[in-house]
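The values are calculated or read from the model by the stated rules, or taken from the named source; none is laboratory data. What you are looking at is a predicted structure, and each value in this text was computed from that prediction instead of being measured. Cβ placement follows ideal geometry from the backbone for every residue including glycine, while neighbour counts extend to all protein chains displayed. What goes into the accessible areas is simple: the full protein's heavy atoms, side chains included, and nothing from ligands, DNA or RNA. Shrake-Rupley method; radii C 1.70, N 1.55, O 1.52, S 1.80 Å.
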Amino acid sequence: MTLRINDTVPDFQAETDQGPISFHDWIGDSWAILFSHPKDYTPVCTTEFGAVAQLAAEWDKRGTKVIGVSVDGVEEHRGWKEDIAVVAGTAAGFPIIADGDLAVSKAFDMLPAEAYLPDGRTPADTATVRSVYIISPDKKLQLTMTYPMSVGRNFAEVLRALDGLQRTWGQPLATPANWETGQDVIVALSLDDAAAEAKFGTLEKKLPYLRFAKNPG
């Protein structure tokens, strides 16, 4: 089945380079980001893991746990992290799931049910295992991004999207294009003008259906 936004994400047990986890228990009451890669020791993925490592303080500030997944094994993950630290200039402190049987990749709809790892596999065999999933504390999928092999992910955008999700989660608010933390937000049409102003204060009404609030608390 296709995993859609607002679906409860699959729970699973898996081995990581930091020991076994049960995914929902590992998330706990935090936000979580699962980001996947087709293979260890590949160039673009190494730069991406490094980017995530460099943002460790930012994830912590937002109460967000990050975890990688790759189709290689625990020992490969541990060795690869040494290369990641060289590139990033900092250690990758987050766990990486060993998904050799593709169970996680298939559960998250990254690969079809009939996918398998052939002998002498290359990253092309798991090319679609290159996605980002942002998950809220209630274990529901809030956002997903999938990239091709040739384009490295922009983790500054992942961070911005996380900020937007946390800013609007459970509130009748949305963020406009190119929104950054601290900027005005859009009030949902589920509130009429009177209810919106009672809740968020004076609105900037650009159009009858486009109303901005001054970054309400």
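Structural remarks
- Residue 92 being over 20 Å from residue 164 (Cβ atoms), touching a helix residue (DSSP H, G or I) at 6+ places or on another chain (Cβ under 9 Å) and at pLDDT 95 or above: yes
- Of all residues in segment 173-217 being in contact with a Gly (Cβ under 8 Å, 6 or more places away or on another chain) and farther than 23 Å from residue 158 by Cα, the one that is surrounded by the fewest Cβ atoms within 10 Å (Cβ to Cβ): 214
- Residue check, residue 170 in a loop (DSSP other than H, G, I, E, B), out of contact with any Phe, Trp or Tyr (no Cβ under 8 Å at 6 or more places or on another chain) and open to solvent by less than 60 Å² (accessible area, probe 1.4 Å): no
- Inter-residue pairs, beta-carbon under 6 Å, first farther than 20 Å from residue 59 by Cα and in segment 165-176, second surrounded by fewer than 17 Cβ atoms within 10 Å (Cβ to Cβ) and of a type in the set (Gly, Ala, Ser), 6+ apart: 172/188; 172/190
- When residues in segment 65-107 are screened for being among the polar types (S, T, N, Q), touching a strand residue (DSSP E or B) at 6+ places or on another chain (Cβ under 8 Å) and under 13 Å from residue 49 (Cβ atoms), 1 of them pass.
- From the list 79, 93, the one residue that fits, being part of a loop (DSSP other than H, G, I, E, B), more than 24 Å from residue 148 (Cβ to Cβ) and not hydrophobic (A, V, I, L, M, F, W, C), is 93.
- Residue list for segment 1-41, filter: open to solvent by less than 20 Å² (accessible area, probe 1.4 Å), under 16 Å from residue 101 (Cα atoms) and part of a strand (DSSP E or B): 14, 16, 36, 37
- Just one of the listed residues (48, 82, 58, 75) is open to solvent by 30 Å² or more (accessible area, probe 1.4 Å), touching a residue at least 60 places away in the same chain (Cβ under 8 Å) and of a type in the set (D, E, K, R), and it is 58.
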